[in-house]
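My structure is below; once you've seen it, I'll send some questions.
The values are calculated or read from the model by the stated rules, or taken from the named source; none is laboratory data. None of these values were measured; they are calculated from a predicted model. Positions of Cβ are backbone-derived with ideal geometry, glycine not excepted, and every protein chain shown enters the neighbour counts.
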Amino acid sequence: MALAALAAAGGAAAAHPVVSLADGQIRFFAPGTLHTGDLVRCGTLRVRIAPPPSPGPSTGTDAWSWTRTGLSLQVERRSSGATEIACGTTLAQPRRATIPYVIGQNGLGLIRGPNRLARLEQLFGAGIRQRTTTCHVAWPALGLQATFGSGLCTSGSTLRRATVSSPKWSSLSGVHVGETAAEMRWQFPGTKRVSSAHGRTVWLLSTAIASRSQLFAVTGPAGTVTSLTSVIR
């Protein structure tokens, strides 16, 4: 990660800042939101956004810092254009998974081996079962809905799909229900948009190489992650 000082913005007094941050504030910006040369204000500091680095293992992220009379501004930018800015504080640490309330492309909880219904009920307590052509089980207090491969809902029924919608939950990689789409795309630049309609956008977070099982995130009109869904193949 390269580290360089940001040049002070020339003509700042006459310019209109693109974004202003308060002392102690951290903000994330999705790719395409901030552009090279855009002005950022942190107290009396005025800086212009530098170009994103070239893609690559050693140049995929660049960081800059600027200080003046007790003020500090830190900017970190990925090759995708995703950007994190900290005014009067340090850049945020990556968020961690919230075990056992984790979801991945291969299942829930500890995610070791097949997710059987009995094993999940050991982790999360008894769910509300609904038997149709498939087995649906809900844990309303946890914001968890799951579908299993057998309509009989036996202890050995295998998880096929799960959706979580409570802030308790995160992906194994650290995407949390309730965080902003900009933060999600900052932490995971490989996130891909699948579809978007009526203010709702579906994102592909990860795919299992062997099974092609997938993990999706949904963001709502407020621009925050409203749910995570695992589809197990």
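Filter segment 111-161 down to residues that are of a type in the set (S, T, N, Q) and in contact (Cβ under 8 Å) with a residue 24 or more places away in the chain, then give me how many there are.
Of the residues in that region, 6 qualify.
Let me ask another. Only one of Gly32, Gly37 is of a type outside the set (S, T, N, Q) and within 19 Å of Glu183 (Cβ to Cβ). Can you tell me which?
Gly32 is the lone residue from the list that is of a type outside the set (S, T, N, Q) and within 19 Å of Glu183 (Cβ to Cβ).
Related question: Kindly check whether there is at least one residue in segment 176-189 that is without any contact (Cβ under 8 Å) to a residue 40 or more places away in the chain and not assigned by TED's automatic domain parsing to the domain that holds Gly32.
Looking for residues that are without any contact (Cβ under 8 Å) to a residue 40 or more places away in the chain and not assigned by TED's automatic domain parsing to the domain that holds Gly32, one finds at least one in segment 176-189, hence yes.
Only one of Arg185, Arg160 is under 30 Å from Ala82 (Cα atoms) and either assigned to a helix (DSSP H, G or I) or modelled with pLDDT of 95 or more (or both); which?
Details: Arg160 fails: under 30 Å from Ala82 (Cα atoms).
After applying the criteria, what remains is Arg185.
In segment 190-233, how many are part of a loop (DSSP other than H, G, I, E, B), surrounded by fewer than 18 Cβ atoms within 10 Å (Cβ to Cβ) and of a type outside the set (Val, Ile, Thr)?
Adding up the residues that qualify gives 12.
Which of the residues that make up segment 23-73 are in contact with a Gly (Cβ under 7 Å, 6 or more places away or on another chain) and among the acidic types (Asp, Glu)?
Asp23
For residues in segment 71-100 being of a type in the set (Ser, Thr, Tyr) and in a loop (DSSP other than H, G, I, E, B), which is surrounded by the fewest Cβ atoms within 10 Å (Cβ to Cβ)? Even if it seems obvious, please write down each step before you answer.
Residues of segment 71-100 of a type in the set (Ser, Thr, Tyr): 72, 79-80, 83, 89-90, 98.
This time we only want the ones that are in a loop (DSSP other than H, G, I, E, B), so: 79-80, 89-90, 98.
Values: Ser79: 17, Ser80: 19, Thr89: 14, Thr90: 10, Thr98: 15.
By that ranking, first place goes to Thr90.
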